[in-house]
């Protein structure tokens with residue numbers, strides 16, 4: 001049995017059921033979740049403080065009680081805080097628990113490098129200032145955002161209410177720039193089904209954050225992500 005541990009924003013209602021759908025039919029893999037407080041996404045001190053390492057590490061230590069094989073931060077905060085925050089977090093989790101760790105955003109950038117994705121479209125629910133910070137962060141890592149769509153929402157719970165129809169529309173609009181790939185950057189948007197459908201229709205890789213996190217967990221645990229089929233190229237070997 002492969003046990004995957006995921007650190008989850010407290011107000012997230014999407015990533016747990018989405019992960020369950022992605023793992024359907026794989027009886028040898030189970031997913032387990034630990035929450036810490038995240039209720040809004042913004043750039044003020046209070047919102048940024050939600051991602052201080054202390055509460056995250058405490059949540060990781062609780063997952064260690066379940067003897068999971070890997071622990072992932074299933075959130076996209078490094079998009080505006082900088083990828084070094086996730087690199088440091090992974091080191092902290094591994095030091096505190098002795099368990100291999102990864103994150104959504106480190107999984108994304110592993111894919112970007114492996115697949116030579118340099119021109120990216122992004123779809124998010126975030127506010128304009130957060131979106132600008134994301135674009136700057138990605139540029140510093142060598143990825144140019146050539147198309148973006150965002151919804152201007154701050155409340156994290158509300159991200160989970162965005163319809164798949166609206167997500168599909170934003171993907172279609174971002175695709176007009178013909179990027180190398182499109183990323184749905186939020187683990188509380190119902191993007192997995194929309195991503196797989198749009199990818200088949202558009203001929204552009206569409207990478208959903210929840211799917212990318214699961215892929216990163218499988219890779220970190222030494223499992224083959226291509227065992228997950230029917231969800232687009234995110235789980236392929238290429």
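Every number in this text was worked out from the coordinates using simple rules, so none of it is lab data. Predicted, not measured: the structure shown is a model, and the values here were computed from it. Glycine gets a Cβ as well: all are built from the backbone with ideal geometry, and neighbour counts include every protein chain shown.
Note on segment 224-235: residues that are part of a loop (DSSP other than H, G, I, E, B), surrounded by 19 or more Cβ atoms within 10 Å (Cβ to Cβ) and at negative phi amount to 2.
Is segment 205-215 home to any residue that is surrounded by fewer than 24 Cβ atoms within 10 Å (Cβ to Cβ) and either at negative phi or not in a helix (DSSP H, G or I) (or both)? So far as segment 205-215 goes, yes, one or more of its residues are surrounded by fewer than 24 Cβ atoms within 10 Å (Cβ to Cβ) and either at negative phi or not in a helix (DSSP H, G or I) (or both). In segment 87-127, the qualifying residues are those that are surrounded by fewer than 16 Cβ atoms within 10 Å (Cβ to Cβ) and within 16 Å of residue 76 (Cα to Cα), and the one that is farthest from the chain's Cα centre (by Cα) is 88. Checked against (1) surrounded by fewer than 16 Cβ atoms within 10 Å (Cβ to Cβ); (2) under 17 Å from the mean Cα position of the chain (by Cα); (3) within 16 Å of residue 5 (Cα to Cα), residue 65 passes all but condition (2).
Taking segment 68-86 as the range and being under 17 Å from residue 212 (Cβ atoms) and over 15 Å from the mean Cα position of the chain (by Cα) as the test, only 70 passes.
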